[in-house]
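Heads up: the structure comes next, in structure tokens.
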Amino acid sequence: MADRPTNGQDARTAPGQADVIPGRVGGLGMFGGVFTPSILTILGVIMYLRFGWVVGNVGLVGTLVIVTLATSITLLTALSVSAIATDQRVRTGGAYYMISRSLGIETGGAVGIPLYLAQGLSVALYTVGFAESLTGAFPALNARIVGIVTTLAVAALAIVSARAAIRAQYVIMGLIGLSLLSLVFGSGLEGVELQGLGASTLENPESFWVVFAVFFPAVTGIMAGVNMSGDLEDPSRAIPKGTFLAIGVGYVIYMALPVLLALRVDTQSLVSDPLVMRRISLWGTAILLGVWGATLSSAVGSILGAPRVLQALARDGILPRWLSWLGKGSGEDDSPRAGTAFTVSIALVAVWYGDLNLIAPILTMFFLTTYGVLNIAAGIERFLGSPSFRPRLSVHWIFSLLGAVGCASVMFLINPFATVIAGVFVLGVFLWLERRGMQAAWGDVRQGILMTITRAALLRLGGRSEDARNWRPHFLVLSGAPTKRWHLIELAADFSHHNKGLLSIATILRDTSVTHNRKRAMERNVQDYLSKRGIDGLVRVISAEDPFVGTELLVEAYGLGPLVPNTILLGDSEEAENRPRYCEMIEHFWHAKRNVVIVRDADRVGFGERKRVDIWWGGLQGNGALLMILGYLLKTSLAWREADIRLKMVIPNEDGAEGARRNLKNMLEQTRTGLQTEVLVSGERSAFDLLHDSSRAADLIIMGIAAPDQGDFTAYYEQLRERTSGLPCTVFALASEDVAFREVLFRPEDQR
């Protein structure tokens, strides 16, 4: 069976509840749950240790442009996040939850798993950064031991409760605020030529985009608040307000700091001294406290967010079953303590063994991939305009598209190699989930995408005439119960190359009292039966007192615009009393311009070893071209690829045999069908005597039948059945469609 997520709550608001999207009663508010973790992640170590380097390389104006451009991309992403958050009930899982409910569980998992790994390893990244800065001030300490102790302390804080961790972040925010005030009230360096408001005075400064790539991660902290979605009292209000407030505050600070640095520090010191802020602050130690606070706050944000993403992944059945215990919550606040312990174990291994400088760029790519996919999700939802997508904050899809393009561009600017590695990893997870056949208990936007594409394709097809170049059989198989007449479906799938053409399976019920819901349930059962056997097809079950009338009506009505089955495949009529009505139905198909393929005796004798197919052929006129096409389709199918497909032609005497062989050889060279030819001389014998003698050992026989307008079709068909009795499985083909089948075989240049 396909994996099915266990967390089946609806992702959409219920009808009439568009303005009420509840969260967890007594949960965190906007300031503590969203703004605080977001602003503390934004005001991180890059601000303290790399901002001077940025100003020194590109100057004040260049720095302000970089800050504005980077913040613009983050703002566009925040708009997309807010649009989704004000439409969905955003529960535990943050960005993963939003993506999976919009783009499907496979896409959500493909982004959610690397997002979790990025957040989990970020804990180690930040605690190691804290340990290295601490041992820089106190050389007697061991950096590895400090990193392990810090990781355990941060984890213990998160396990106690999210509220305790948030309260700890208030203290950290106070330290960062103190460091910024100390910087504002500080003074410039003495005895140096200050950079001033002009451009960089370095002889060989780094390029604008290199500097942009270094700075951009400083503004990507907005997911820290979104990851707390399951702990928020009102996610639909807290996420937009808290995220925009954090971006706004961060932008003001990042626009003000370059002015202070440019007016107080010389270019060389900006570039060469990572802690130059300490030298120009009123109280230099405050900058160290700010650096430590920034690293610890980022670690706390990651240890709070990662287990919640892991919890959501486990509850949705994304993770293997042996990891399902990671979806458990503890206490009244459903805290993911098991997931936190698991995350800590990964972080500890990374602290002890990991080369964090090597994996850091890939982690950044995972975060940016998440932001880009969120933009795509919001953009698609808005573009499709589905009635179910009713966000309180409506964002035009063009802004989401710009955000997605911005994220993708920045990824390649920062590190092309890491971008490719991250992309391959995400694609691998997606394909793994696809193979598992994940089935979500919620709807997603993919069906809307397919409907939009289908609508556009149908409208374009509607104005076009039949095109022989692109013709292929689209079968409507009148199989009845598939388990009893599976051979019909199997042969149709072989002709259509298993999912290359459209395949529809139809069942006509004599019982007209069957309810609509019961028929839809039967269709789902047949669909599952087909899927388990590797066949993609559409299913239709209808009721009719007279099955012949029901079949005729189905053939007339089934389809959408120009997209209708062009070939009807059905079994032979075994009951003599029904044969006149059966032949009348075949005539109806012919008048409806549907090709007809009748399969006789497959249920009794099967298809043998699928080693030999005999096509009895009388030339390209009439059914001839269609017979050759069917032979080619069988020859190139998986089930019949080892078969010899023989094109058999009967010639009255030996005089014309040699010419017929030569013409057939030339024709097959032009058509490139891979068929073999065999010319038989009938002499005094009838064609049907030759048929029995020559094709007795075949596994399948294909032959054309006369058009119904050439006389009494019922009498003709009765005679045909009698003359072909006792043969292996036989297929009768009737070309009815308004298509020049000859042009399917021959290119125009071949016919000149």
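The values are calculated or read from the model by the stated rules, or taken from the named source; none is laboratory data. None of the values given here were measured: they were computed from a predicted structure. In this analysis, Cβ positions are derived from the backbone assuming ideal geometry, glycine residues included, and neighbour counts consider all displayed protein chains.
Things to note:
- Residue in segment 377-385 that is modelled with pLDDT of 85 or more, crowded, with 22+ Cβ neighbours inside 10 Å and at negative phi present: no
- Options 61, 67, 54; residue that is in the same structural domain as residue 373 (by TED's automatic domain parsing) and surrounded by fewer than 20 Cβ atoms within 10 Å (Cβ to Cβ): 61
- Pick from segment 306-329, criterion aliphatic (A, V, I, L, M) and outside any helix (DSSP H, G or I), ranking: surrounded by the most Cβ atoms within 10 Å (Cβ to Cβ): 318
- Meets criteria (surrounded by fewer than 17 Cβ atoms within 10 Å (Cβ to Cβ), hydrophobic (A, V, I, L, M, F, W, C) and under 39 Å from the mean Cα position of the chain (by Cα)) for residue 638: yes
- Candidates 80, 38 - the one that is at pLDDT 80 or above, more than 23 Å from the chain's Cα centre (by Cα) and assigned by TED's automatic domain parsing to the domain that holds residue 275: 38
- When residue 593 is tested against (1) more than 30 Å from residue 553 (Cα to Cα); (2) assigned to a loop (DSSP other than H, G, I, E, B); (3) within 44 Å of the chain's Cα centre (by Cα), exactly one condition is not met: (1).
- Within segment 520-570, the set of residues being hydrophobic (A, V, I, L, M, F, W, C) and assigned to a helix (DSSP H, G or I) comprises 521, 522, 526, 530, 548, 549, 553, 554, 555, 557.
Residues checked against (1) surrounded by 15 or more Cβ atoms within 10 Å (Cβ to Cβ); (2) modelled with pLDDT of 80 or more:
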residue	(1), (2)
118	yes, yes
130	yes, yes
133	yes, no
142	no, yes
147	yes, yes
154	yes, yes
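- In the condition set (1) modelled with pLDDT of 85 or more; (2) surrounded by fewer than 22 Cβ atoms within 10 Å (Cβ to Cβ), residue 206 is compliant with all but (1).
- Residue 13 passes every criterion in (1) among the hydroxyl-bearing types (Ser, Thr, Tyr); (2) crowded, with 21+ Cβ neighbours inside 10 Å; (3) modelled with pLDDT under 80 apart from (2).
- Complete set of residues in segment 272-293 that are farther than 29 Å from residue 205 by Cα and among the aliphatic types (A, V, I, L, M): 282, 286, 289
- Cβ-Cβ contacts under 7 Å between residues 6 or more apart (or on different chains), taken from a first residue in segment 278-305 that is surrounded by fewer than 21 Cβ atoms within 10 Å (Cβ to Cβ) and of a type in the set (Gly, Ala, Ser) to a second residue that is modelled with pLDDT under 90 and in a helix (DSSP H, G or I), are listed as 284/278.
- Residue 645 under 14 Å from residue 675 (Cβ atoms), more than 39 Å from the chain's Cα centre (by Cα), of a type in the set (Val, Ile, Thr) and crowded, with 19+ Cβ neighbours inside 10 Å: yes
- Scan segment 469-485 for residues that are surrounded by 17 or more Cβ atoms within 10 Å (Cβ to Cβ) and either of a type outside the set (S, T, N, Q) or assigned to a strand (DSSP E or B) (or both) and the total you get is 10.
- Considering 112, 177, the condition of being part of a helix (DSSP H, G or I), over 16 Å from residue 291 (Cβ atoms) and at pLDDT 80 or above is satisfied by 112 alone.
- Filter result for residue 100 (closer than 21 Å to residue 383 by Cα and part of a helix (DSSP H, G or I)): yes
- All of 599, 613, 555 fail the test of being in the same structural domain as residue 716 (by TED's automatic domain parsing), of a type in the set (Val, Ile, Thr) and within 30 Å of residue 456 (Cα to Cα), apart from 555.
- All positions within segment 471-485 that are within 32 Å of the chain's Cα centre (by Cα) and more than 15 Å from residue 637 (Cβ to Cβ): 471, 474, 476, 477, 482
- Flag if residue 273 is acidic (Asp, Glu), touching a Lys or Arg at 6+ places or on another chain (Cβ under 8 Å) and in contact (Cβ under 8 Å) with a residue 60 or more places away in the chain: yes
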